[in-house]
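The values are calculated or read from the model by the stated rules, or taken from the named source; none is laboratory data. None of the values given here were measured: they were computed from a predicted structure. Glycine gets a Cβ as well: all are built from the backbone with ideal geometry, and neighbour counts include every protein chain shown.
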């Protein structure tokens, strides 16, 4: 399981937000998920999480196609600030969903703990990779075709590694966050 120190190592100090025990105390999610949110926290993650905005209400407030979820994050589209996506956690099951601006919920991970592990692995890989952090990459060394091949290979490795952490997150494509996000990265 990812730790607070591991998340801050790549996300940076002040870029991992822990929940207050009182904030999640009345949430209807597994106790292990509450503990992860309090002890580990949620990182700001490249291309995924702009702001950690955990709701303080005891009842889920993020309205989605799956029903209400507890809000964990918020991300505004820089071109369309009114278009906000979020991550939310499902009551009872503790499954994490990525919620599109229209309220459609895409399955992200089977629980908060594996979501944080996936975010940790994803974030540390992306921030350490020249190909994945720079929009144009190291053009002076490789042709555009070679660069695309290298990026594609790196994304395939990342996809396989994330699948090992949470196989359920890759058991489909439509309505699943990770396969769609990694596939669309190059386009």
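When the residues of region 169-182 are filtered to those that are assigned to a helix (DSSP H, G or I) and touching a helix residue (DSSP H, G or I) at 6+ places or on another chain (Cβ under 8 Å), which remaining residue is nearest to residue 126 (Cα to Cα)?
Here the residue is 182.
Name the single residue that is nearest to the chain's Cα centre (by Cα) among those in region 142-177 being over 30 Å from residue 94 (Cβ atoms) and in contact (Cβ under 8 Å) with a residue 24 or more places away in the chain.
154
Can you work out which of the residues in region 45-55 that are part of a loop (DSSP other than H, G, I, E, B) and at pLDDT below 95 is nearest to residue 91 (Cα to Cα)? Let's see the steps before the verdict.
Of all residues in region 45-55, those part of a loop (DSSP other than H, G, I, E, B) come to 46-48, 50, 53-55.
This time we only want the ones that are at pLDDT below 95, so: 46-48, 50, 53.
Details: 46: 26, 47: 26, 48: 22, 50: 23, 53: 17 Å.
Ranking the qualifying residues of region 45-55, first place goes to 53.
State yes or no: is residue 36 within 19 Å of residue 126 (Cβ to Cβ), assigned to a helix (DSSP H, G or I) and either touching a residue at least 12 places away in the same chain (Cβ under 8 Å) or in contact with a helix residue (DSSP H, G or I) (Cβ under 9 Å, 6 or more places away or on another chain) (or both)?
On the way: within 19 Å of residue 126 (Cβ to Cβ): no; assigned to a helix (DSSP H, G or I): yes; either touching a residue at least 12 places away in the same chain (Cβ under 8 Å) or in contact with a helix residue (DSSP H, G or I) (Cβ under 9 Å, 6 or more places away or on another chain) (or both): yes.
In short, no.
Can you tell me how many residues within region 1-17 are outside any helix (DSSP H, G or I) and free of Cβ contacts under 8 Å to residues at least 40 places away in the same chain?
Filtering region 1-17 for residues outside any helix (DSSP H, G or I) gives 1-3, 12-17.
The next check asks that each one be free of Cβ contacts under 8 Å to residues at least 40 places away in the same chain; those that pass are 3, 12-17.
Selection size over region 1-17: 7.
Quick check on my filter: what residues within region 28-51 are buried (at least 21 other Cβ atoms within 10 Å of the Cβ), closer than 15 Å to residue 85 by Cα and in contact with a strand residue (DSSP E or B) (Cβ under 7 Å, 6 or more places away or on another chain)?
Across region 28-51, the qualifying residue is only 49.
Just to be sure I understand, how many residues within region 102-116 are within 15 Å of residue 62 (Cβ to Cβ) and assigned to a loop (DSSP other than H, G, I, E, B)?
Total satisfying the criteria: 3.
May I ask you to list the residues in region 18-27 that are buried (at least 20 other Cβ atoms within 10 Å of the Cβ) and not in a loop (DSSP other than H, G, I, E, B)?
Within region 18-27, just 24 meets the criteria.
Looking at region 64-91, which of its residues are loosely packed, with under 14 Cβ neighbours inside 10 Å and at pLDDT 95 or above?
Correct list: 65, 67.
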